[in-house]
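The structure appears right after this line, and notes come after that.
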């Protein structure tokens with residue numbers, strides 16, 4: 001189950017592409033001409049960024065022997081999104097927040113850390129699938 005969830009998350013992340021059109025409400029917002037508005041899935045994408053690093057930290061802590069697969073998934077996500085510098089900075093900030101949050105709580109692999117890792121795998125896969133289904137090409 002764990003490998004299947006990880007594989008689903010990885011496939012969904014690779015399938016992400018920038019959103020096509022914004023909802024009318026987002027289009028109505030005043031935006032500087034040279035700054036593109038964020039896509040409608042921005043909040044989900046930022047949450048996914050945070051989840052990826054939490055998984056990265058927790059899986060390494062619990063000796064999952066996955067290496068840097070979750071950091072690489074974040075790099076692929078950034079590459080696929082091709083965000084401007086401000087969006088990229090927000091994504092990286094959220095990724096780092098996921099690491100710092102768990103590093104301050106878990107110093108060794110505990111049953112709670114392993115459970116958190118599993119829950120984040122499921123949540124990340126759900127977010128990635130939702131974004132892909134709603135906004136992917």
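Name the residue, out of 89, 125, that is closer than 23 Å to residue 40 by Cα, in contact with a helix residue (DSSP H, G or I) (Cβ under 7 Å, 6 or more places away or on another chain) and part of a helix (DSSP H, G or I).
Values: 89 fails: in contact with a helix residue (DSSP H, G or I) (Cβ under 7 Å, 6 or more places away or on another chain).
Only one candidate passes the filter, namely 125.
Which ones in the stretch 92-112 are closer than 18 Å to residue 71 by Cβ and not in a loop (DSSP other than H, G, I, E, B)?
Taking the stretch 92-112 first, the residues closer than 18 Å to residue 71 by Cβ are 92-103, 106.
92, 93, 94, 95, 96, 97, 98, 99, 100, 101, 102, 103, listed by residue number.
Taking the stretch 60-80, which residues are buried (at least 18 other Cβ atoms within 10 Å of the Cβ), under 12 Å from the mean Cα position of the chain (by Cα) and touching a residue at least 40 places away in the same chain (Cβ under 8 Å)?
Answer for the stretch 60-80, where residues must be buried (at least 18 other Cβ atoms within 10 Å of the Cβ), under 12 Å from the mean Cα position of the chain (by Cα) and touching a residue at least 40 places away in the same chain (Cβ under 8 Å): 73, 77.
Condition first: within 13 Å of residue 52 (Cβ to Cβ) and surrounded by 19 or more Cβ atoms within 10 Å (Cβ to Cβ). Now tell me which residues in the stretch 87-130 satisfy that.
Listed by number, the residues that qualify are 91, 94, 95, 98, 102, 117, 120, 121, 124, 125, 127, 128.
Bear in mind these aren't lab numbers, they're just calculated from the coordinates by the rules spelled out. The shown structure was predicted, so the numbers you read here are calculated from the model rather than taken from an experiment. Cβ sites come from the backbone with ideal geometry, for glycine too, and all protein chains shown count toward neighbours.
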